[in-house]
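Worksheet for the structure shown next.
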Amino acid sequence: MTDVHISPFDNDLFEAVQLGRVFPDGKTFVDCRPKTDLKTILALYAQQKGQPGFALDAFVRAHFELPVPHSVYYTSDTSKSVTWNIEALWPVLTRQPDTENGTLIPLPFPYIVPGGRFGEIYYWDSYFTMLGLKASGRFDMIENMIGNFAYLIDTLGYIPNGNRHYFLGRSQPPYFAQMILLLAAQKGVSVYLQYLPQLEKEYRYWMKGAEELSEDQPALFHCVLMKNGEIMNRYKDERNTPRPESYREDVELAQSFQQDPSILYAHLRAGAESGWDFSSRWFNDNGDFSGMHCTDIIPVDLNCLLLGLEQVLAQAYELKGDAAKAVRLVLAADKRKKAIDHYCWNETTGFYMDYDWRLQKQKTALTLAGMSPLYFNLADKAKAEKVQQHIQQHFLKEGGVVTTLKETGQQWDAPNGWAPLQWISIRALENYGYTSLAREIARRWIRLNSSVFKRTGKLMEKYNVTDMNLEAGGGEYEGQDGFGWTNGVLLDLISRYGDAG
């Protein structure tokens, strides 16, 4: 749907298709490929749309190729182990180097997609997919995918949400540095130097505008000036318009609230950048989208990830022999650690919380984002003890750990559990010696994934961890199977904890 002279998302045809529900899922149309150039198709639409008997659905299908889900080409074999099936899925979920076609941003190397409706690479998904590729010994594919992300950083200045034009303007949780650590553990420290230019650009993207902050302008791009002078980060898309892939949902949501639609769109896009789209984590006390205020929030996990990036950069500069830059990044990481403790630790609750920088107070919701400081070894033993007590008493369910303690109908809330959050929680607990609890979470998650697979033949995007007989719900689309990060985390956990027995 791309054309050098025409925006594929700013025309009457796009609006008619999305608002008219030609497809149940708004992502379908933005992933379609035009059979001829878009300018010609739009001219035909303008000519024909007013004619008697015109059918929008038929017009679209005549002029666009619809995306084909991976499930068309693959059928699971439930008589074999879930591990066997994941290994069989890798080639099915592999995409070869692209050419410019439709909204896809071409990439130079092969890559793994999540599956289902997600037929492109996704930033933070890919790290957890890589964990499974590591367990499969597929370091060639890990290196290919890192190469694609380095290419995106070099060409765009950042890694977008995914390699689609409609994702431009936002990124996702910054796991590039963690990917470098994963590859360096296999290939050696030369990897730090190989990707140092991209690590620097990634950091500049997230810290853009930091030097321009002031009391009169306390927030700019992803950076926020805190009350004590620290710089912390938030999620923030460059745009404040409806998301093309969720155009109808965004427009209808904005029409239902008495506020400036651009403000809501900015918060929705920021929520999409967080990867937690959507969750009560981003709501105020209203408890629904009427109180969506994602750009006002300092997410504890985002700031932990950026601290991790600062640490990797410091290591890379030290290897390069640039002591001054290494020291500067060590100091930056230390300042961020102190800021995370100051703004995100709640001594009374005994947990790490997000922080509302506009209201200058902590959020009240307990979520698995609070495990990130333990994952990055930022907590002292006393804090870690209190956090693990919360996990044991409140988050641990029959199928693993639940994302939040609130049931709102949003997919990143109870009763759902997600593979990346299981893995982060398990590794966080392992870091502080809570191996029994870590093992219990891992084994419950493995059993849940395996039982759902035996029952349905699918590896799902998310799971109901509270009732293992029910499917996960919520979200702007139906549950997806495939599934990249589930496969990756499951293989990693089985390699360390055994199967579901």
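The values are calculated or read from the model by the stated rules, or taken from the named source; none is laboratory data. Since we're looking at a predicted model, the values are computed, not measured. With ideal geometry, Cβ positions are generated from the backbone for all residues, glycine too; neighbour counts draw on all protein chains shown.
Structure data summary
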item: Among the candidates Leu374, Leu302, Leu307, residue that is in contact with a strand residue (DSSP E or B) (Cβ under 7 Å, 6 or more places away or on another chain), within 30 Å of Ala442 (Cβ to Cβ) and either part of a helix (DSSP H, G or I) or of a type in the set (Val, Ile, Thr) (or both); result: Leu302
item: Failed item, numbered, when Asn286 is tested on (1) over 28 Å from Pro218 (Cα atoms); (2) without any contact (Cβ under 8 Å) to a residue 24 or more places away in the chain; (3) not in a helix (DSSP H, G or I); result: (1)
item: Subset of the range 67-100 [over 18 Å from Asn144 (Cα atoms) and loosely packed, with under 13 Cβ neighbours inside 10 Å]; result: Val68, Val72, Tyr73, Thr75, Asp77, Ser79, Lys80, Trp84, Glu100
item: Qualifying positions in the range 207-222 - out of contact with any Phe, Trp or Tyr (no Cβ under 8 Å at 6 or more places or on another chain) and under 19 Å from Glu273 (Cβ atoms); result: Met207, Ala210, Leu220, Phe221
item: Residue match in the range 141-159 (condition: within 30 Å of Pro8 (Cα to Cα), in a helix (DSSP H, G or I) and touching a strand residue (DSSP E or B) at 6+ places or on another chain (Cβ under 6 Å)); result: yes
item: Only one of Asn346, Asn286 that is under 14 Å from Ala379 (Cα atoms) and polar (S, T, N, Q); result: Asn346
item: Any hit, the range 488-496, residues being among the β-branched types (Val, Ile, Thr) and in a helix (DSSP H, G or I); result: yes
item: Helices (runs of 4 or more DSSP H) enclosed by the range 1-62 - at least 3 residues per element that are among the aliphatic types (A, V, I, L, M) and either more than 28 Å from the chain's Cα centre (by Cα) or surrounded by 15 or more Cβ atoms within 10 Å (Cβ to Cβ) (or both); result: 12-19, 38-48
item: Residue within the range 229-247 that is among the hydrophobic types (A, V, I, L, M, F, W, C) and assigned to a strand (DSSP E or B) present; result: yes
item: Sole exception among (1) touching a helix residue (DSSP H, G or I) at 6+ places or on another chain (Cβ under 7 Å); (2) assigned to a helix (DSSP H, G or I) for Ser436, by number; result: (1)
item: Some residue of the range 307-321 being under 19 Å from Tyr375 (Cα atoms), crowded, with 22+ Cβ neighbours inside 10 Å and β-branched (Val, Ile, Thr); result: yes
item: Any hit, the range 183-194, residues being of a type outside the set (Ser, Thr, Tyr) and closer than 24 Å to Arg281 by Cα; result: no
item: Of residues in the range 175-197 being hydroxyl-bearing (Ser, Thr, Tyr) and in a helix (DSSP H, G or I), the one surrounded by the fewest Cβ atoms within 10 Å (Cβ to Cβ); result: Ser190
item: Pair list, Cβ < 8 Å and 6+ apart or interchain, from the range 411-422 residues that are modelled with pLDDT under 95 to residues that are aromatic (Phe, Trp, Tyr) and in a loop (DSSP other than H, G, I, E, B); result: none
item: Residues satisfying the stated conditions in the range 465-477, i.e. within 20 Å of Phe118 (Cβ to Cβ) and either touching a Cys at 6+ places or on another chain (Cβ under 6 Å) or at pLDDT 70 or above (or both); result: Glu471, Ala472
item: Qualifying positions in the range 101-111 - crowded, with 21+ Cβ neighbours inside 10 Å and touching a Phe, Trp or Tyr at 6+ places or on another chain (Cβ under 7 Å); result: Thr103, Leu107
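This table checks each residue for (1) without any contact (Cβ under 8 Å) to a residue 12 or more places away in the chain; (2) in contact with a Phe, Trp or Tyr (Cβ under 7 Å, 6 or more places away or on another chain); (3) within 18 Å of Cys294 (Cβ to Cβ).
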| residue | (1), (2), (3) |
| --- | --- |
| Glu310 | no, no, no |
| Ala333 | no, no, no |
| His342 | no, no, no |
| Asn346 | no, no, no |
| Asp354 | no, no, yes |
| Arg358 | no, no, yes |
| Thr364 | yes, no, yes |
| Phe376 | no, no, no |
| Val387 | no, yes, no |
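So that you can scan it fast, the table gives a plain yes or no per residue for (1) within 19 Å of the chain's Cα centre (by Cα); (2) in the same structural domain as Gly488 (by TED's automatic domain parsing); (3) at positive phi; (4) touching a residue at least 24 places away in the same chain (Cβ under 8 Å):
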site	(1), (2), (3), (4)
Phe128	yes, no, no, yes
Leu131	yes, no, no, yes
Ser190	no, no, no, no
Gln194	no, no, no, no
Lys201	no, no, no, yes
